[in-house]
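Working notes for the structure below.
The values are calculated or read from the model by the stated rules, or taken from the named source; none is laboratory data. All values reported here derive from a predicted model rather than from experimental measurement. So basically every Cβ, Gly included, is an ideal-geometry build from the backbone, and we count neighbours across all protein chains shown.
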Amino acid sequence: MATLTPTLTLVSTDASSDEINFSVTDSLNVTKNVISPSKVALSTGDLTLFAAASYTKSYVYLRNTDDTIVMDIDFGTQLSIQLAAGEFAFFPWESSGNILAKSASGTPYLEYAIFEA
Amino acid sequence: MATTATISISSPDLLPGGSLSINASATLTKAGVTADLDQKESGVIKLATGTEFRLGPLATEMSGDVHDIGSYIYICNNTTEDATRYIDWGINETMIGRLYAGDWMFIPWNASDDAAEIEIEAQGGTNIIEYCFFNSDFILPTAAS
């Protein structure tokens, strides 16, 4: 069993008069499959990034490495996450449905990693 | 100034022969433009079990031609009492994952229509979450009278 430590820091000095500046961290146990940071070129057609049948409870990291092109992430039927240039997402996934990814245009690269608990 | 999100993911023992270290940072902007975000909502909520709640506004409660990429949501389950308690989170009636005690998530939310609402439901007992929601254009509900 390995330990994974994800940390998020959110900082904003102008979203409100009450300045935001906080970090949150967690300690996660990873016992099964791992795909360490990798890259894949997307297209405008859906790519099954993670098939639900291949995983159980997992933690997913995604990042759009492109400078301009938007990426859409969905969980089967509905667009759920949209990664603009340089944006990232980190979330727990119960493998209840496939995770699909596609680009708005071109063939930008998506960086991804998955850690199965 | 701007609103920025930074993530680091590390592990000393996950990969054979070396440690894992992922680092990324993003400036959060209004949909389709580079302008800074200027609206946010944050808070701490106690959630009882048995009801699925909506977190954040519906798409029609936000203005703008394209608000898909101007919304970001952070949720952390602050529950500490019991490791069996967790929050189910989902979008569009699809349960996607579980936030156990201390777990957090951050996503750029695609609020493409009202069906794409963020749904959360406490399991195993009352859970306490903190959240922060950034958006370009909230619209307050019209007064009832």
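Scan the range B:37-60 for residues that are among the acidic types (Asp, Glu) and over 12 Å from B:Ser71 (Cα atoms) and jot them down. Steps first, answer last, please.
At the first step, the residues of the range B:37-60 found to be among the acidic types (Asp, Glu) are B:38, B:41, B:52.
If the condition is that a residue be among the acidic types (Asp, Glu) and over 12 Å from B:Ser71 (Cα atoms), then B:Glu52 is the only one that fits.
Just to be sure before I move on: is A:Glu19 closer than 16 Å to B:Ala5 by Cβ, touching a strand residue (DSSP E or B) at 6+ places or on another chain (Cβ under 8 Å) and surrounded by 13 or more Cβ atoms within 10 Å (Cβ to Cβ) in the structure I sent? Don't jump to the end; show me each part of the working.
Details: closer than 16 Å to B:Ala5 by Cβ: yes; touching a strand residue (DSSP E or B) at 6+ places or on another chain (Cβ under 8 Å): yes; surrounded by 13 or more Cβ atoms within 10 Å (Cβ to Cβ): no.
So A:Glu19 does not fit the description; no.
Testing B:Ala111 on (1) in a strand (DSSP E or B); (2) under 24 Å from A:Ile69 (Cβ atoms), one condition comes back false. Which one is that?
Only one criterion in (1) in a strand (DSSP E or B); (2) under 24 Å from A:Ile69 (Cβ atoms) is unmet by B:Ala111, namely (1).
In the set A:Ser103, A:Ser12, A:Ser43, A:Ser95, which member is surrounded by 15 or more Cβ atoms within 10 Å (Cβ to Cβ) and at pLDDT 95 or above? Spell out the reasoning first.
Working: A:Ser12 fails: at pLDDT 95 or above; A:Ser43 fails: surrounded by 15 or more Cβ atoms within 10 Å (Cβ to Cβ); A:Ser95 fails: at pLDDT 95 or above.
Answer to the check: A:Ser103.
Tell me, which strands (runs of 3 or more DSSP E) lie completely within the range A:1-93 with 1 or more residues that are more than 8 Å from chain B (Cβ to nearest Cβ) and closer than 22 Å to B:Ala26 by Cβ?
Result: A:20-25, A:34-41, A:47-50, A:58-64, A:71-74.
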